[in-house]
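Here is the structure we will look at.
Rule-based calculations on the coordinates, nothing more; no lab input. Quick caveat, the model's predicted, so the values are computed rather than measured. Positions of Cβ are backbone-derived with ideal geometry, glycine not excepted, and every protein chain shown enters the neighbour counts.
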Amino acid sequence: MDPIDPLTSDSIPVMLQAGLSDSVIYLVVILLLIFCSALISASEVAFFALSPTDKDSLKEENTKTSEQILKLISQPKDLLATILITNNLVNVCIIILSSRLLKALFPPDPALETLVFFIEVVGITFFLLLLGEVAPKIYAARNGLTTTRIMAQPLAIMNSLPPISWIRMFLVSGTNLLNRKSRKRGINLSSDDLEQALALTKEESTSEDEHRILEGIIKFGSTDVRQIMRSRQEVVSISCECTMEEVMEVILEAGYSRIPVFDGDFDNVTGILYIKDLLPFLNEEHFDWKQLIRKPFFVPENKKIDDLLKEFQGMKMHMAVVVDEYGGSNGLVTLEDVLEEIVGDITDEFDDDEIVYTKIDDDSYLFEGRTALVDFYKVMNVDGKEFETSKGESDTISGFIVEQAGRILKNNEYIQFCGMRFIVESSDKRRIKMIKVVIEHD
């Protein structure tokens, strides 16, 4: 008797039909999973790209869906963890089922191994990236609110559904622990490091004003008050012995809203007169204006301007008297001076637009001796680091030249520093009045 063949003519069609039905099921499930992956990937962009206007509109809707959306975005770490975990699980399922489908479609054959491997690695990866990542995120970036409304309920369910919720809590807790450790360790960056980073990241689209503001923020914490103050020679002040008429003359001529008051000389500043306090008494000729003087605020000349800004904010003041180590008044510094270090010059209708320097040609400039070094840096477009390192107590160009030369130079004498020649144009026995600065290219 002949042996019985298990693969009879009747059983082959049945097996082929069964294999075909399994492949169809695999394909349908894979397509559904790719659709789910696309929705989850789209939600990652949609939820985190909501603008303040979108959030305000959701608050005004006052619906269950809008409340779910606002609740989800109020916990961004939990939301992101849920999205990433779910998306990865779905992608893993897609890869496993795709592998099973390929095995069902291509029976084991050494000649087909290369083709199967190519389809698994390249084909599946391409479809996952295109249909499950790139295309959905592009759509979500343009239709953020629509995507969030679609995915709010599913994500809320997955956020509390085990085992996704367990994995989410583990990941968020681990991330918080790492953040705490990294904060303890800290990163020490000097202002020089930040300046180099700013120079490297400067883009063509960034304007000069924006770049200058960023540079001002970086240098803000390392700038002393004496570098930005107005020296005592330039300060408009009033003696406490002046009459009401004399005070009004000074106020009208100066155009300032606050004027320091001294007793004897400027080293003994007794207070600050606010012009607005005088307004109710303008018609009183013999009014005792000294009763309106407010208490002055004194700061040392080596105080950092970032600390001064905090004190100005805390005390709600706009002006401080700068004193030296001996208690003498060196000048004034205002809130405007501090802010100008970041945003640049702030001018109003009372500011003097008179040019404080003369540009002779591209390489020659004429400065007054009392010009502050900080203003000199801005005009000459230099960072001033070498000047700040070499200067002592001087804050003006003339003071710097006297420090470097060791004496008051006479007319036509000069010093050379940092690729520039400082030629004295006018001086007397007491001070240097005018200086010509020539840029040397050699």
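Distant-in-sequence amide contacts of Ser426, defined by a placed amide H-H separation under 5 Å and a gap of 5 or more residues or a different chain, comprise Lys433, Met434. For region 370-442, GluC sites (Glu not before Pro) are listed when DSSP marks them as loop and at most 10 other Cβ atoms sit within 10 Å of their Cβ; the list is Glu440. At an R0 of 35 angstrom, the distance between the Cβ atoms of Asp263 and Lys359 translates into a FRET efficiency of 0.25. Each of Lys64 and Val250 was given a label point 7 Å from its Cα along the Cα-to-Cβ line. The distance between the two points is 7.4 nm. The alpha carbon centroids of region 375-406 and region 60-78 are separated by 58 Å. I'd like the FRET efficiency for Ile138 and Lys316, computed as 1/(1 + (r/R0)^6) with the beta carbon distance as r and R0 of 41 Å, rounded to 0.05. Between Ile138 and Lys316 the formula returns 0.20.
Cross-link partners for Lys310 among the lysines, with Cα-Cα distance under 20 Å and sequence neighbours closer than 8 places in the same chain left out: Lys219, Lys295. With each label modelled as a point 7 angstrom along the Cα→C-beta vector, the Thr175-Leu27 pair spans 3.9 nm.
Between Glu388 and Glu234, the simple spin-label model (points 7 angstrom out along Cα→Cβ) gives 1.8 nm.
At a Förster distance of 60 Å, what's the computed FRET efficiency of Arg294 paired with Ile96, Cβ-Cβ distance as r, to 0.05? For Arg294 and Ile96, the calculated efficiency is 0.15. When +1 charges are put on Lys and Arg Cβ atoms and -1 charges on Asp and Glu Cβ atoms, the dipole computed for region 357-439 relative to its Cα centre reaches about 380 debye.
Ordering Leu97, Phe118, Gly174 by Cα displacement along the dipole of region 11-177 toward the positive end leaves Gly174 in first place; charges were set at the Cβ atoms of Lys, Arg (+1) and Asp, Glu (-1). Karplus-based coupling profile of region 283-298, in residue order and whole Hz: 8, 9, 5, 9, 5, 7, 5, 5, 6, 8, 5, 9, 5, x, 10, 9, with θ = phi - 60° in 6.51 cos²θ - 1.76 cosθ + 1.60 and x standing for Gly or Pro. Summary of the geometry: region 233-248 and region 295-312, compared by the centres of their Cα atoms, lie 24 Å apart.
When +1 charges are put on Lys and Arg Cβ atoms and -1 charges on Asp and Glu Cβ atoms, the dipole computed for region 225-343 relative to its Cα centre reaches about 540 debye.
Extension gain, Tyr274 to Val121: 0.36 nm times the residue separation minus the Cα-Cα distance gives 47.3 nm. Below 12 angstrom from the Cβ of Glu403, what's the summed charge of the other residues (Lys, Arg +1; Asp, Glu -1)? Here the charged neighbours net out to 0. Counting only Cβ charges, +1 for Lys and Arg and -1 for Asp and Glu, the dipole size of region 11-177 around its Cα centre is about 300 debye. List the pairs from Lys303/Lys378; Lys359/Lys433; Lys410/Lys436 whose alpha-carbon separation is above 20 Å, in the order I gave them. Listed pairs above 20 Å: Lys303/Lys378.
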